[in-house]
Amino acid sequence: MAGDGPMALWRRRPVLGYGLALVLSVAATVARLVADALLPAGFPYLTFFPAVVITAFVAGAGPGIVAGLISFFAAWYFFVPPAYSFALNAGVVAAQGFFLLVVAVDIVLIEAMHRAYDRLNAARDQMAALYDQQRMLFGELQHRVANNMAFIGSILHFQKRQIANRPEAAAQALDEAQARLTIMGRVHRRLYDPSALDRPVREHLEALCADVIAASDRPDILCQVEAAPLTLDLTQLIALSLLVSETVTNSLKHAFIDRPTGKITLRLHDEGEALLLELRDDGRGLPAGAGGTTPGLGTRIVHGLAEQLRGTIETRSSPEGMVTRLRFPKR
């Protein structure tokens, strides 16, 4: 994690850091007193600079400042002439000022180094998280591509049977298959964006409804989305998106014939352990064979996707419109 390193323990625990400042400052004073007889005149700060630098490097800026202040007064009293006093004159002011300047520069540089190290660790953690997410997305992609190939095969197989029974409907069947594959491609392109999983479900559903309406060439139809503030995993989100696409497509195809306007309402409710998706249009209802009781292709697709979500689905058609309800577990 960001901020971890060999010195992280000292920086996270102030008691240890300030204790180190006191110990090193006292040790520097003792060492300077011991060396006083061996050194020529001067050098009052010889042992104090290392104490301050080591403290700031190990424990951070705060303990480093404390070590600098202790060293400042210890050097002033014991080693800056006249010794054993806090006498103040021009020479003392110059010497002590120089000491404070050097110590301040050292602490600032060391703290800047620590912050750069923390930023580097944060960037490393972010890259590791992105790498893990990309691996997860790649694994999901392989799984979903295999499933969707089977899904596409089922669609084409069913369309083939329809064409065999009604050869004159071949062009329409191929157009419907093309439209479904186009929407599926748009869903996948949007959801395999690495940042897609962090966006609310409502944004996905709004964009999806806009795509379906645009593909149907019915800009006069309004699609209103209301969704609880939640996120879903990638597998659920893809299956839910395809189910919504198919249901909205069915409404656009059958509910608003000979009508200049219409409205589709999509609501996603959080019921605790489960989610309830409700799609409602204000059209004329679906005729037999168009997703009602007759198991047409659209109905088969919707029920297959509901099974993928481990959910239960029910539909109700009336002259006031079509209502589809899907209840499925969150995970």
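The values are calculated or read from the model by the stated rules, or taken from the named source; none is laboratory data. All values derive from a computational prediction rather than experimental measurement. Glycine gets a Cβ as well: all are built from the backbone with ideal geometry, and neighbour counts include every protein chain shown. Surface areas here come from the heavy atoms of the whole protein model, side chains and all, with no ligands, DNA or RNA. Shrake-Rupley method; radii C 1.70, N 1.55, O 1.52, S 1.80 Å.
Remarks
- The Stokes-Einstein estimate for segment 222-331, based on a Kirkwood radius over Cα pairs and taken at 25 °C with 0.890 mPa s viscosity, is a diffusion coefficient of 174 µm²/s.
- At q = 0.16, 0.17, 0.21 Å⁻¹ the log10 of I(q)/I(0) for segment 42-98 amounts to -0.48, -0.53, -0.75, computed by Debye summation with a single uniform scatterer per C-alpha, solvent ignored.
- Length-normalised contact order for the chain - Cα pairs under 8 Å, 6+ apart - percent: 11 percent
- Only beta bridges with both residues in the chain are counted; by DSSP, about 75 percent of them are antiparallel.
- Surface share of carbon and sulfur [accessible, 1.4 angstrom probe, percent] for the chain: 64 percent
- Placing pseudo-labels 7 Å out from each Cα toward the beta carbon at residue 118 and residue 160 gives an inter-label distance of 6.4 nm.
- In the chain, the calculated helix contribution to ellipticity at 222 nm averages -21500 deg cm²/dmol per residue, counting -39,500 (n - 2.57) for every DSSP H run with n ≥ 4.
- Using a Gaussian network model of the chain in which every pair of alpha carbons under 10 angstrom is joined by a spring, one finds that among 105, 187, 248 the greatest mean-square fluctuation is at 105.
- Net dipole in debye of the chain [+1 Lys, Arg Cβ; -1 Asp, Glu Cβ; about Cα centre; nearest 20]: 440 debye
- Packing order of peptides 226-237, 113-124, highest average first: 226-237, 113-124 (average count of other Cβ atoms within 10 Å over each peptide's residues).
- Taking 240, 156, 277 in turn, the Gaussian network model of the chain (Cα-Cα springs below 10 Å) assigns the largest fluctuation to 156.
- Here the Gaussian network model covers the chain, with springs between Cα atoms less than 10 Å apart; of 183, 238, 110, 110 fluctuates the most.
- Mean Kyte hydropathy of -1.0 or more with a Cα span along the axis of at least 20 Å, helices from DSSP in the chain: 14-35, 61-78, 90-165, 170-191, 201-216, 234-254
- Accessible surface computed residue by residue for segment 211-331, with neighbouring protein chains in place and a 1.4 Å probe, gives 45 Å² per residue.
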